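Engineer: Structure in structure tokens, see below.
Since every read-out is calculated from the coordinates, none of them should be taken as a lab result. Only a predicted model underlies this, so the values are computations on that prediction, with no experimental measurement involved. Because the Cβ atoms are built from the backbone with ideal geometry, glycine has one as well, and the counts that use them run over all protein chains shown.
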Amino acid sequence: MIGFTAGARLGVTRWNDFQGRSSRSEFWWFHLFVLLSLCIAFFIINISGFPRASKYGIALLIILATSVPIISINIRRLHDIGTSAWSLLFTALPVVGLIFLIFYGNKKGDNGVNRFGVEPEINYFFHGVAHYSDSNDEIDNHDVDYINLSEKEILEKHRLESIKRLQKSKNLEDSDFN
């Protein structure tokens, strides 16, 4: 689980990342960060001396600028629960969309690796604030190793390989400081 600053930082740095997964805490902390940022920006706009038409234009620009990061973190959150990004279209429906957002925002993500990548908590554990690994990273994907395995066993093997790779990179980072 990550805190407010880490969630805000991840949301900002991964503003155009529509791949991978985001945890519940990252999702909610980033939404809170955006909400607070919008409130502060709108407060500043309202007390400024801009003409009314300019205030509306600035507000529209701020909303447009925050929409891509919000969409990307929503897609990554849906990926964490193993759902396609197309499900995000449900949020456009009044009332149903809000219920759906609350549902997938609070649902526990898939353990281990799913078809969208490694679970975010593994990366948080090894790197403090996540460095997400792609499922396309070079792993020992020898076809012979996977012939007699079930899909669940293959996912578990990928999860363990990801943990080993992350541990190796963590050890390399630690040795850089010594």
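Engineer: Could you check the simple spin-label distance between ASN16 and LYS164, using points 7 Å along Cα→Cβ, in nm with one decimal?
Structural biologist: Distance between the two pseudo-spin positions: 3.6 nm.
Engineer: Continuing with this model, one more query. Sort PHE42, PHE103 by Cβ crowding within 10 Å, fewest neighbours at the top. Can you show the working numbers first?
Structural biologist: Working: PHE42 15, PHE103 11.
With the sparsest Cβ surroundings first, the list reads PHE103, PHE42.
Engineer: In percent, how large is the relative contact order of region 5-107, given Cα pairs closer than 8 Å and 6 or more residues apart?
Structural biologist: Numbers: 92 pairs, mean separation 37.0, N = 103.
After rounding, I find 36 percent.
Engineer: Sort HIS79, HIS31 so the one with the fewest other Cβ atoms within 10 Å of its own Cβ comes first.
Structural biologist: HIS31, HIS79
Engineer: Under a plain spin-label model, where a point goes 7 Å from the Cα along Cα-to-Cβ, how far apart in nm are ILE40 and SER84?
Structural biologist: Using points 7 Å along Cα→Cβ, the separation is 3.9 nm.
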